[in-house]
Amino acid sequence: MLPFWTNLLLAALAVAALADALRMRTRVARLRERLESRERETHRLAESPDPDTILHRAYEAAARLLTISRFDLYTIDDGGCVEEAWTLAGEEGRRFPKRDLVNPYRGQPIDSPRLRDLTATETELSFAPRDLLAGGPATRRLRLPLFSGDRLVAHLDLASTAPIDDHVKMEVRALLAPLTAALHASRNWRIAVTDELSGLASRRYFESRLAEEWARHERYGTPLSVAIFDLDRFKSVNDSMGHAAGDHVLRGFGEVVRREIRTSDVACRYGGEEFAVLFAESSAAAASGVAERIRRALRRRDFQWEGESFRCTVSAGVAGSEQTRERSQLLFQADKALYSAKERGRNRVVVWPNTRGRRAASKRDTP
């Protein structure tokens, strides 16, 4: 029979082994939960090609890891300049990254020496944020260049009200992989559906979105409108000043349209000097108001080409779902309204079915 103290020691060892097993089970369960959470976040980030949605979801995921006081993200174009910027906006407790259209860094080249300081080389074609390397001191701010292979996709400036230790850094790094992949995929998607010259959507993408919005209109009864624009006497610009000057006008008109429409609207280059805009959940009257703003903005724009100053005008036709039950008729009616605007002297907006007699939306004017 074993001495009492031996039995007591064996019992203590058994209790310690049981406690270790329980701790191990708890760690495994927590690890499984974190892995499942990461997988869910990866799927959610990949669900949408819209960068605003991607950033919104990434912020939600990061906010579960630390108390965020700064979340500034800058996407980088092929030329190494800041393309777009997002910064936190909104009331405390309801803050999310919003596209910052007046950010002073937009269009600015990246600071290459500073980028090298913030980047750790893992392989010849693989780079990581230096701030996330293990063994560094706890910090309240992370400056995170996001690389897809050797291409800089974006830069994230992240700050917390509490110190960020190695454990949280590891979790943040796990989040960056799906975020970088989603931003890179979003950029590739945007290139695939964008007309390179005007910067607007391609016709194929416009027609696919029109089909989606028309289905929503039929199911829920929400209004839907389209506008078709045609640059007035565009051929004369090409003939007198060259096609490069005409391309300059197309780019300029694309900028005007992007500035005037909502993010939920879809504008495309429909062909040549013709453009179309899809206004979701908008009546023809509301769409004609936006079309009129676009017309006026272009009329005021002063184009410069090889030392010569000139201006352009545009005509537009608008049609709404309240006037038809057929999707194909929507574009047909907008085109007929455009034809009426051309007949009346150009530089005006006409709304279907008011294509004869009284003018529907605008009179010819001067800036």
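The figures follow:
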read-out: Translational diffusion coefficient (Stokes-Einstein; Kirkwood radius from C-alpha pairs) of the stretch 310-356 at 37 °C, 0.692 mPa s, in µm²/s; value: 306
read-out: Gained length - Phe96 relative to Glu308, 0.36 nm times residue gap less alpha-carbon distance; value: 71.8 nm
read-out: Residue exposure sequence - Ser309, Ser208, Ser148 - by fewest surrounding Cβ within 10 Å; value: Ser309, Ser208, Ser148
read-out: Between the stretch 184-257 and the stretch 124-171, the alpha-carbon center distance in angstrom; value: 38
read-out: P(r) histogram, all alpha-carbon pairs of the stretch 254-293 included - 5 Å bins from 0, percent; value: 6, 23, 35, 25, 11, 1
read-out: Residue order, fewest to most beta carbons within 10 Å, for Tyr339, Tyr270; value: Tyr339, Tyr270
read-out: Fewest-first sequence of Val257, Val82 by Cβ atoms within 10 Å of each Cβ; value: Val82, Val257
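Every number here is computed from the coordinates shown, using simple stated rules; none is lab data. Keep in mind that what you see is a predicted model, and the values were worked out from it rather than measured. Positions of Cβ are generated from backbone atoms using ideal geometry, with glycine treated the same way; all protein chains shown enter the neighbour counts.
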